[in-house]
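S.K.: Below: one structure in structure tokens.
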Amino acid sequence: MSAKLAISKPKEGAAGKTGTWRTFKPVVDMELCNKCGNCERFCPDGTISKDFEIDLEYCKGCGICAEVCPKKAIKMVREE
Amino acid sequence: MAEIPDDEYILKTTSACAGCSIPLCLRYITKAAGPDTVLVIPACCTSVIQGLYPNTAVNIPIYNVAFASAAAVASGMSEAFRAAGKKTNVICFGGDGGTVDIGIQALSGALERGTDFLYICYDNEAYSNTGMQRSGATPLGAATTTTPTGKKEFKKDLDAIVNAHNPVYMATACSAYPVDLYNKVEKALSIPGPKFMHILAPCPPGWRYPSDKTVALGKLAVQSGMWVLYERENGKMSLTGASKAAAKKRIPVEDYLKAQGRFKTATKENVAELQQMVENNFKRIEKEVEGIC
């Protein structure tokens with residue numbers, strides 16, 4: 001007799017919509033942005049695309065993108 | 001600069017705390033390792049942040065194992081893959097508790113047997129997953145839930161213990177320098193035999209700092225010399241990245257400590273001892289880089 005193995009399958013949203021965790025959301029000022037890519041590189045959750053679109057469904061609002069932006073083009077704005 | 005692939009193997013998103021450096025490390029480790037990889041994960045933060053059963057945010061195979069057994073499991077797995085003629089990368093990804101304290105005998109055994117695998121210890125300097133209890137990797141003076149007035153002992157020198165096994169490749173990295181991390185993982189996986197990497201992974205709730213300072217704090221650790229980026233290939237040591245500059249000129253250790261709430265209870269003596277430790281460490285490293293010892 002073989003026991004059933006507990007196997008998880010990869011899926012987007014495996015930890016739920018983590019965007020609901022946010023208290024501050026990142027807002028990008030594209031006029032200041034110099035497209036250096038720091039925000040995309042340092043986002044721990046990979047929620048920033050190559051075109052600097054932030055996936056607010058999953059962004060946890062940690063604020064690392066705003067912190068590493070050399071142009072200060074990202075502002076953290078309180079959620080309503 | 002190395003060409004880092006766009007492929008993401010960490011799906012949106014893990015259940016890691018906001019600002020956690022573990023998914024940041026995992027993103028670059030999996031980018032460097034590629035899809036033909038198995039991660040062996042002992043009990044640690046990463047075994048929790050994968051997502052809720054029956055789903056997982058990690059798009060490569062993971063084997064979740066008991067606390068003390070990661071390197072032993074990886075040994076068997078690596079042998080089985082090689083016997084079947086497969087080149088699959090076997091990577092252990094364990095926290096500091098599962099490496100420095102609980103898993104050290106399995107790690108020592110696997111290194112001694114010459115297992116073809118890469119052991120990565122991500123070091124958040126406490127048992128963060130269970131609520132920040134002290135571990136062997138907690139630095140002197142740091143407050144944890146089990147050392148509320150600050151730890152009285154120095155951090156265990158895991159790298160010296162691993163180095164005594166003469167692995168083919170060992171390196172340190174920090175989540176604040178992901179390109180350096182990527183390059184080191186890529187290099188490690190290109191060499192057969194036992195490899196070891198030690199990554200400093202700042203933890204916002206555990207180290208008590210705002211979540212947006214994760215990268216800034218990693219940089220402070222390296223600039224102050226509290227964390228040294230280096231690699232050692234077949235016993236030959238070389239400093240890498242920002243630590244080359246830190247070997248010549250460092251910021252005071254205090255700048256790194258005062259950015260974190262966990263060092264609030266650290267005494268002046270603690271700070272002086274840590275500063276002295278950094279100075280001694282760099283003296284030893286300088287000699288080793290020059291090939292004197």
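S.K.: Can you list the strands (runs of 3 or more DSSP E) lying wholly within the stretch B:7-110 that have 2 or more residues being within 17 Å of the chain's Cα centre (by Cα) and under 30 Å from A:Ala66 (Cβ atoms)?
M.R.: B:89-95
S.K.: State all residues of the stretch A:23-64 that are surrounded by fewer than 19 Cβ atoms within 10 Å (Cβ to Cβ), facing chain B (nearest Cβ under 8 Å) and in contact with an Asp or Glu (Cβ under 7 Å, 6 or more places away or on another chain); if no residue qualifies, say none.
M.R.: Correct list: A:Lys50 only.
S.K.: Another question about this same structure. Taking into account only those residues within the stretch B:170-184 that are at the interface with chain A (Cβ under 10 Å from one of its Cβ atoms) and among the hydrophobic types (A, V, I, L, M, F, W, C), which is surrounded by the fewest Cβ atoms within 10 Å (Cβ to Cβ)?
M.R.: Filtering the stretch B:170-184 for residues that are at the interface with chain A (Cβ under 10 Å from one of its Cβ atoms) and among the hydrophobic types (A, V, I, L, M, F, W, C), the one surrounded by the fewest Cβ atoms within 10 Å (Cβ to Cβ) comes out as B:Val179.
S.K.: Something else now. Say whether the condition of being at the interface with chain B (Cβ under 10 Å from one of its Cβ atoms), within 13 Å of the chain's Cα centre (by Cα) and on the phi < 0 side of the Ramachandran plot is met by at least one residue in the stretch A:5-17.
M.R.: Yes: one or more hits.
Each row is one residue, and each column tells you yes or no for (1) in contact with a Leu (Cβ under 8 Å, 6 or more places away or on another chain); (2) of a type in the set (A, V, I, L, M); (3) crowded, with 16+ Cβ neighbours inside 10 Å.
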residue: B:Ser190; (1), (2), (3): no, no, no
residue: B:Thr214; (1), (2), (3): yes, no, yes
residue: B:Gly235; (1), (2), (3): no, no, no
residue: B:Asp255; (1), (2), (3): yes, no, no
residue: B:Lys283; (1), (2), (3): no, no, no
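S.K.: Scanning the stretch B:171-180 for residues that are of a type in the set (A, V, I, L, M, F, W, C) and not in a loop (DSSP other than H, G, I, E, B), which turns out farthest from the chain's Cα centre (by Cα)?
M.R.: If we take residues in the stretch B:171-180 being of a type in the set (A, V, I, L, M, F, W, C) and not in a loop (DSSP other than H, G, I, E, B), then B:Val179 is farthest from the chain's Cα centre (by Cα).
S.K.: Please give the number of the condition B:Pro42 fails out of (1) within 14 Å of chain A (Cβ to nearest Cβ); (2) crowded, with 21+ Cβ neighbours inside 10 Å.
M.R.: All conditions pass for B:Pro42, except number (1).
S.K.: Could you please let me know if A:Ala3 is buried (at least 21 other Cβ atoms within 10 Å of the Cβ), among the small types (Gly, Ala, Ser) and in a loop (DSSP other than H, G, I, E, B)?
M.R.: No; evaluated as a whole, the condition is false for this residue.
None of the figures in this text is laboratory data; all of them are computed from the coordinates on show. Just so you know, these numbers come straight off a predicted model, no measurement behind them. In this analysis, Cβ positions are derived from the backbone assuming ideal geometry, glycine residues included, and neighbour counts consider all displayed protein chains.
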